[in-house]
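Sharing a structure with you now.
The values are calculated or read from the model by the stated rules, or taken from the named source; none is laboratory data. Everything quoted here is computed from the prediction, not taken from an experiment. Here the Cβ positions follow ideal geometry from the backbone for every residue, glycine too, while neighbour counts run over all protein chains shown. Keep in mind that these areas ignore ligands, DNA and RNA; they rest on the heavy atoms of the full protein, side chains included. Shrake-Rupley method; radii C 1.70, N 1.55, O 1.52, S 1.80 Å.
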Amino acid sequence: MDAFTQQAWKRLRRNKGAVAGLAVIVLALVVAVFAYFLAPDGTSHANRMVLEIGGQRPGFSVQMLSLRQAHAPRDEGFLRRLIYGETPSDVLVPVTTWRFSHDSILVEKYADETTTVPAAYSLAQVLYGKDSAITDLAGAQAVVGKDHLSRKTYRLGTDKFGRDILSRLLVGTRVSLSVGCIAVLISLTIGILLGSVAGYFRGAVDEGVMWLINVIWSMPTLLLVFAITLALGKGFWQVFIAVGLTMWVSVARIIRGQVLGLRELQFVEATRALGYGHTRTIVRHILPNIMGPVMVVAAGNFATAIVVEAGLSFLGVGVQPPQPSWGLMIKENYNFIITHNPLLALAPGLAIMLLVLAFNLLGNGLRDALDVRGKI
């Protein structure tokens, strides 16, 4: 680590806002990676529906009876569960009261706050896995009461389909960070390539690149994203490409300005005198000296990508159900804002605000830390 990098790191650590933003980003990254292990609902896309408990307030708690499915899911390894979540092996039935009657369990199913419905299930419907081998009636009843009846608490409530909001919020972190990461990579690749070529060669090349930049810049960003999304189709990966292809313009303008300032300096003139090619001069001698502004604009574009993805999902042209996205969660639950449970829509909105603020604080901190005129 050279002296400038060490001093930049010291200045960044002294910036409390940037450190706090970095801590939030690291926490979000950990949550995104281990989302299915941290979420109360570890099923794929946190999409376990219990329609009877839809639209419940934060802290709602109910007793659940676990019924086995007709077809048992296959065994899933750690890596598959880490990426895709687990396949549910049971169906959850909310109950208020229950009692055994010989080889059956009689329950009052929860329908709403004031209504219950009587139902009966045989113990064979309840027992699954290794418990299904139990033939002793008393033993079967004991296992059902211990392992197949449990109280579940929904910390942030449930949406209109009875899905756990906290689980979908945690899993939705993956979408926001993934869109930001891929969009920034696409925008940096295109922006650095065109910006460096325009600034280094100038002349007709510069005019052509600037003409393209001005044309793209003149189009409303959201309208351009709509056009690309509709051309590519709706979906997870299409959002990455659409957002990335609209964010390279600001990168290219910044890179062009930086390269224009560096190309006339003595060390660049020395590379020409030594006979180095244009590619080596740009890649090995110019670009490493402008990584500071690139990192700053990357942090800003990351925040912008998160907001754009949330807007696209809210409007229905971004991530599609059942995959959780913070923008899609707001769309599904915004009608609760003026009713009895506003947190269903406010929780993903607060998550978007917090993550965008974290990237903006980090970007500001990087700008100050990488400023060569800053105080040591």
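Of all alpha-carbon pairs in the stretch 218-372, indicate the percentage at a distance above 20 angstrom. Kindly include the intermediate steps, with their values, before the conclusion.
Details: 7397 of 11935 pairs.
Within the stretch 218-372, distances greater than 20 Å cover 62 percent of Cα pairs.
Enter the Cα centre distance for the pair the stretch 135-169 and the stretch 279-326, rounded to the nearest angstrom.
The stretch 135-169 and the stretch 279-326 have Cα centres spaced 40 Å from each other.
Moving to a separate point now. Rg and Dmax of the stretch 299-376 over Cα atoms: what are they, in angstrom?
For the stretch 299-376, the Cα-based Rg and Dmax read 16.4, 54 Å.
Calculate log10 I(q)/I(0) of the stretch 158-204 for q = 0.14, 0.23, 0.25, 0.33 Å⁻¹, where I(q) comes from the Debye formula with a single equal point scatterer on each Cα and nothing for solvent.
Values, matching the q order: -0.55, -0.81, -0.85, -1.04.
If you don't mind, another one. Go ahead and run the numbers for FRET between GLU269 and THR189, Cβ-Cβ distance against an R0 of 35 Å, rounding to 0.05. Working shown, then result.
Working: r = 28 Å, r/R0 = 0.80.
The computed FRET efficiency comes out at 0.80.
Something else now. Please compute, over every Cα-Cα pair in the stretch 5-56, the percentage with a separation greater than 19 angstrom. All intermediate terms of the calculation are to be shown ahead of the outcome.
Values: 723 of 1326 pairs.
Everything past 19 Å amounts to 55 percent.
What are the semi-axes of the equivalent ellipsoid for the stretch 148-294, taken as the square roots of 5 times the Cα gyration tensor eigenvalues, largest first, in whole Å? Spell out each step's value before the answer.
On the way: eigenvalues 396, 73, 22 Å².
Taking √(5λ) for each eigenvalue gives 44, 19, 10 Å, largest first.
Moving on. Could you work out what % of the accessible surface of the chain is carbon and sulfur, using a 1.4 angstrom probe and leaving DNA, RNA and ligands out of the count? It would help to have the intermediate numbers written out before the result.
On the way: 12140 of 19250 Å².
The C+S portion of the solvent-accessible surface of the chain is 63 percent.
In Å², and per residue, what accessible area does the chain have when probed at 1.4 Å with the other protein chains present?
Numbers: 19250 Å² over 376 residues.
For the chain, the solvent-accessible area averages 51 Å² per residue.
Residue-wise, which Karplus ³J(HN,Hα) couplings in Hz belong to the stretch 51-65, taking 6.51 cos²θ - 1.76 cosθ + 1.60, θ = phi - 60°, and x for glycine or proline?
4, 5, 10, x, x, 8, 6, x, x, 4, 10, 8, 7, 10, 9
Still on this structure, I have one more. Might you report the magnitude of the Cβ-based charge dipole of the stretch 120-209 about its Cα centre, with Lys and Arg at +1 and Asp and Glu at -1, to the nearest 20 debye?
Values: 10 positive and 7 negative charges, 67 e Å.
The dipole of the stretch 120-209 has a size of about 320 debye.
If you don't mind, another one. Between ASP112, ASP90, ASP41, which gets the highest mean-square fluctuation from a Gaussian network model of the chain, Cα cutoff 10 Å?
Result: ASP112 has the largest fluctuation of those listed.
Would you please calculate the Kirkwood hydrodynamic radius of the chain over all C-alpha pairs and express it in Å, rounded to one decimal? Could you put the intermediate results ahead of the total?
Working: mean 1/r = 0.0412 Å⁻¹.
Evaluated on the chain, it is 24.2 Å.
Which whole-angstrom value gives the distance between the alpha carbon centres of the stretch 211-273 and the stretch 340-371?
If you average the Cα positions of each part, the centres end up 24 Å apart.
Moving on. In a GNM of the chain with a 10 Å cut-off on Cα contacts, which of PRO322, PRO293, PRO94 has the highest mean-square fluctuation?
Looking only at PRO322, PRO293, PRO94, the biggest GNM fluctuation is shown by PRO322.
Please check: in the Gaussian network model of the chain (C-alpha springs, under 10 Å), which one of PHE60, PHE34, PHE267 has the largest mean-square fluctuation.
Answer for the Gaussian network model of the chain: PHE267.
Please list LYS146, LYS109 in order of solvent-accessible area, largest first, computed with a 1.4 Å probe with all protein chains present.
On the way: LYS146 160, LYS109 55 Å².
If we order LYS146, LYS109 from most to least accessible, we get LYS146, LYS109.
Mind listing the phi-derived Karplus ³J(HN,Hα) values for the stretch 310-321, rounded to whole Hz, using 6.51, -1.76 and 1.60 with θ = phi - 60°, and x for any glycine or proline?
4, x, 5, 5, 4, 7, x, 10, x, 4, 9, x
What Kirkwood hydrodynamic radius do you get for the stretch 180-246 when you take the inverse of the mean 1/r over all pairs of distinct Cα atoms, in Å?
Numbers: mean 1/r = 0.0780 Å⁻¹.
Every distinct Cα pair counted, the radius reaches 12.8 Å.
In Å, what Rg and Dmax follow from the Cα atoms of the stretch 81-213?
Considering the stretch 81-213 through its Cα atoms, Rg and Dmax are 28.4, 90 Å.
List, in order, the whole-Hz ³J(HN,Hα) value for each residue of the stretch 117-124 obtained from phi through the Karplus relation with A = 6.51, B = -1.76, C = 1.60 and θ = phi - 60°; use x for Gly and Pro.
Karplus-based 3J(HN,Hα) across the stretch 117-124 equals 10, x, 8, 9, 9, 6, 4, 5 Hz.
Over all distinct alpha-carbon pairs, what is the Kirkwood Rh of the stretch 220-311 in angstrom? If you can, show how the numbers build up before the last one.
Working: mean 1/r = 0.0654 Å⁻¹.
Result for the stretch 220-311, one decimal place: 15.3 Å.
Rounded to the nearest 10 degrees, what's the angle between the helix 3-14 long axis and the longest principal axis of the chain, both from Cα atoms, 0 to 90?
Tilt of helix 3-14: around 40 degrees.
Working only with C-alpha atoms, what are the Rg and Dmax values of the stretch 212-266, expressed in angstrom?
14.8, 50
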